[in-house]
Every structure is written in C-alpha cells, then in structure tokens.
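Reading through the structure tokens given below for one structure.
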Amino acid sequence: MKLVFAGTPEVAVPALDALIASGRHEVAAVVTRPDAPAGRGRRLVASPVAERAEEAGIEVLKPVKPRDPGFLARLREIAPDCCPVVAYGALLPRVALDVPARGWVNLHFSLLPAWRGAAPVQHALMAGDEITGASTFLIEEGLDSGPVYGTVTETVRPTDTSGDLLTRLAFAGAGLLAATMDGIEDGSLEAVPQPAEGVTLAPKITVEDARVDWTAPALRVDRVVRGCTPAPGAWTTFRGERLKLVHAVPLPDRSDLAPGQLAAGKNNVYVGTGSHAVELLWVQAQGKKPMRAADWARGARITEGERVGD
C-alpha cells in the first residue's frame with residue numbers, strides 16, 4: 001500500500017522505522033506537528049518524526065491544522081491507501097479521514113477500550129494495572145472508539161515508570177502496526193468493534209494531578225511518582241517551594257512517620273504517608289538539577305519534625 005504516516009514525538013519513531021524497513025509498503029510522506037520552540041534559546045526545532053523522515057528522504061508535511069486546505073490538497077494528490085498514526089497530536093477532521101481509501105489506523109498504547117485518551121500509559125501505572133499493551137484501530141470521529149485490528153500485551157514491572165513502559169510499548173507496537181498494515185493490505189485482518197463494557201478514560205495528566213498526597217497510602221504515592229515520570233513529574237512542596245520527586249520506593253517495614261514527615265539520615269531520606277514510609281532516592285529542587293535525595297537533604301539541613309507537602 002501507499003502510506004502517509006502521521007506522528008510527532010520520539011515514541012512514534014520506532015513505528016515509522018518499522019514501516020520503512022518492512023519494504024512491503026511505500027511511506028510516501030509523513031505528517032507531523034509544526035516545528036516548536038525548544039531549549040534555552042527557544043529556537044524552532046523539528047519533531048523527532050520529521051527529523052527521521054528527512055533522514056530517510058521522505059516528504060514531510062507540517063500543517064498548523066489538519067483541516068488546512070493546502071495540506072488536504074497535497075494529501076489528495078499523494079492519494080494514500082492508508083494512513084498509520086502514532087501520537088500525532090491533533091484531531092483529524094472528517095474531511096481528512098475520508099481521503100485514504102482504507103482510512104487512518106492508529107497505534108494506541110493501551111488495551112482498548114481501556115484508557116482511551118491522551119495519557120494511557122500514565123493512567124495504567126497510576127491505577128496499578130498489572131497488564132497493559134497496545135492496540136491498532138480504525139480512527140473514527142469518537143475518542144479512540146473505533147474498531148480494533150489487533151493488540152499486543154505487556155506486563156507492567158514493579159519499578160516501571162511511564163517512560164520505561166512507553167519505550168517498550170513503542171517497540172512492541174511498531175511491530176503490531178506494521179503487521180496491521182500487512183493484514184489490511186492482504187485482507188487477512190478485519191477490524192472488530194470495541195465492547196461497550198470496560199471503557200476507561202485517560203485524559204492528559206495535569207500538574208495538579210502529579211502533586212503527591214502524603215495522606216494516601218505508600219502504594220498510591222509510588223504509583224503517582226512512577227506514573228508521572230518523566231512527565232509531568234510528581235512533586236510536593238518543601239519550605240514553600242516545589243520539590244520534584246524523581247525516584248522513590250515504598251518501605252513496608254517503617255511506619256513511625258506521620259504523613260509528610262521527613263526523617264533524614266546520613267545516606268537516606270524517608271517520608272511518612274497514610275500507611276508506611278517511602279524512601280526518597282532522587283529529587284529535584286526548584287531551579288536545580290536532579291540529585292540524590294541524601295545530598296539534597298544535607299544541603300537543605302533538614303531539622304527534626306520538618307515536613308513536605310504543607
């Protein structure tokens with residue numbers, strides 16, 4: 001088939017690579033979000049997908065909105081059979097959905113109908129899911145509600161952050177998306193409607209969602225920290241300033257600290273929760289780089305009875 005691939009961030013690159021490497025289909029063009037300011041100089045930088053496509057000599061389209069007439073005209077000129085999508089980042093209007101004969105097929109990082117929305121991996125971790133995965137489905141105008149072509153499953157490991165899990169799913173999902181394109185092309189795959197039961201939503205995680213509630217059990221604190229790492233970053237407050245929690249682990253054998261109460265030793269920093277304590281391993285103070293929590297505590301000269309989260 002002739003394909004136009006739509007995607008933007010680094011997590012979409014493995015799928016683009018898999019489609020290029022398959023040799024079975026022609027990736028005629030790539031659609032991605034416009035260049036965005038990045039770094040201290042805030043200079044405009046192309047998306048990871050745009051950079052990879054340019055390296056491969058593939059035409060790159062960067063519409064401000066996918067309903068832009070110029071973009072739609074070029075898409076019709078290319079006349080793709082199918083448009084695979086991974087984390088493109090913009091809502092596709094009906095006028096664009098109607099262009100490819102076999103539709104737009106999205107790789108979504110959950111086992112649909114669970115976790116429809118922008119942040120499926122973060123929500124799966126924060127909810128304590130033990131198994132997650134990726135799905136390919138035919139895009140329709142509803143939110144991630146289209147019929148499913150295929151899935152792969154992935155076990156959630158006890159120490160996974162959302163970054164760890166998303167990286168594994170990006171590579172597993174890349175193979176799934178390539179296989180889905182093959183199955184659509186040869187007629188061996190048929191999309192199956194999603195069940196009405198089991199629908200959960202995964203809206204974008206806000207900064208407030210990532211704030212740690214120290215009255216919650218240690219298990220919940222652990223899930224929030226892992227689910228919000230690397231983005232948007234779990235956080236609390238200390239002496240009126242924001243403190244990002246980069247890495248923390250529950251300690252089931254210590255329960256002598258009140259919620260939010262700090263205890264700093266020579267090489268360890270503990271915080272009380274609604275159940276047992278957690279140990280802070282890495283933190284990031286406001287305006288500073290990430291550092292070992294013990295080094296941060298020594299520099300802050302924590303006194304007995306001090307708390308986080310007040």
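The values are calculated or read from the model by the stated rules, or taken from the named source; none is laboratory data. As the structure is a computational prediction, the values presented were derived from the model and not from experiment. Neighbour counts run over all protein chains shown; Cβ positions are idealised from the backbone, glycine included. Note: accessible area is taken over every heavy atom of the protein model, side chains too, but ligands, DNA and RNA are not part of it. Shrake-Rupley method; radii C 1.70, N 1.55, O 1.52, S 1.80 Å.
For region 213-297, list the strands (runs of 3 or more DSSP E) that sit wholly inside it and hold at least 3 residues that are buried (at least 16 other Cβ atoms within 10 Å of the Cβ) and at pLDDT 95 or above; which are they? Don't jump to the end; show me each part of the working.
Numbers: elements: 235-238, 241-251, 262-264, 269-271, 277-285.
Answer list for region 213-297: 235-238, 241-251, 269-271, 277-285.
Which pairs do you get when a residue that is more than 17 Å from R301 (Cα to Cα) and in contact (Cβ under 8 Å) with a residue 40 or more places away in the chain, found in region 273-286, comes within reach of a residue that is buried (at least 23 other Cβ atoms within 10 Å of the Cβ) and small (G, A, S), reach meaning Cβ atoms under 9 angstrom, with the pair 6+ apart or on two chains?
Cβ pairs passing all conditions: T273/A218; G274/A218; S275/A218; H276/A218; A277/A218; V278/A218; V278/A248; V278/G272.
Results for (1) at pLDDT below 95; (2) among the aromatic types (F, W, Y); (3) closer than 30 Å to W282 by Cα, shown as yes or no for each residue.
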{"site": "I131", "(1), (2), (3)": "no, no, yes"}
{"site": "G142", "(1), (2), (3)": "yes, no, no"}
{"site": "T155", "(1), (2), (3)": "no, no, yes"}
{"site": "L166", "(1), (2), (3)": "no, no, yes"}
{"site": "D182", "(1), (2), (3)": "no, no, no"}
{"site": "I205", "(1), (2), (3)": "no, no, yes"}
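Could you list all residues from region 171-187 that are open to solvent by 60 Å² or more (accessible area, probe 1.4 Å) and in contact with a helix residue (DSSP H, G or I) (Cβ under 8 Å, 6 or more places away or on another chain)?
Within region 171-187, just F171 meets the criteria.
Being over 29 Å from I205 (Cα atoms) and in contact with a Leu (Cβ under 6 Å, 6 or more places away or on another chain) narrows it down to one residue among V86, V27, V31, V4; which is it?
On the way: V86 fails: over 29 Å from I205 (Cα atoms); V31 fails: over 29 Å from I205 (Cα atoms); V4 fails: in contact with a Leu (Cβ under 6 Å, 6 or more places away or on another chain).
That would be V27, the only listed residue that is over 29 Å from I205 (Cα atoms) and in contact with a Leu (Cβ under 6 Å, 6 or more places away or on another chain).
When the residues of region 299-310 are filtered to those that are on the phi < 0 side of the Ramachandran plot and free of Cβ contacts under 8 Å to residues at least 12 places away in the same chain, which remaining residue is surrounded by the most Cβ atoms within 10 Å (Cβ to Cβ)?
Applying the first criterion (on the phi < 0 side of the Ramachandran plot) to region 299-310 yields 299-300, 302-304, 306-308, 310.
Then drop every residue that is not free of Cβ contacts under 8 Å to residues at least 12 places away in the same chain, which leaves 299, 303-304.
Details: G299: 11, T303: 8, E304: 8.
Only one residue fits best here, namely G299.
Among the basic types (K, R), assigned to a loop (DSSP other than H, G, I, E, B) and surrounded by fewer than 23 Cβ atoms within 10 Å (Cβ to Cβ): which single residue out of R157, R168 fits that description? Lay out the reasoning, then the answer.
Working: R168 fails: assigned to a loop (DSSP other than H, G, I, E, B).
Answer to the selection: R157.
For region 1-92, which strands (runs of 3 or more DSSP E) that fit wholly inside it have 2 or more residues that are in contact (Cβ under 8 Å) with a residue 60 or more places away in the chain and open to solvent by less than 40 Å² (accessible area, probe 1.4 Å)?
Values: elements: 2-7, 26-31, 36-38, 43-45, 59-61, 83-86.
So the answer is 2-7, 83-86.
Per-residue answers, yes or no, for (1) outside any helix (DSSP H, G or I); (2) in contact with a strand residue (DSSP E or B) (Cβ under 7 Å, 6 or more places away or on another chain); (3) in contact (Cβ under 8 Å) with a residue 40 or more places away in the chain:
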| site | (1), (2), (3) |
| --- | --- |
| G175 | no, no, yes |
| T180 | no, yes, yes |
| S188 | yes, no, no |
| P195 | yes, no, yes |
| G198 | yes, no, yes |
| P203 | yes, no, yes |
| V207 | yes, no, no |
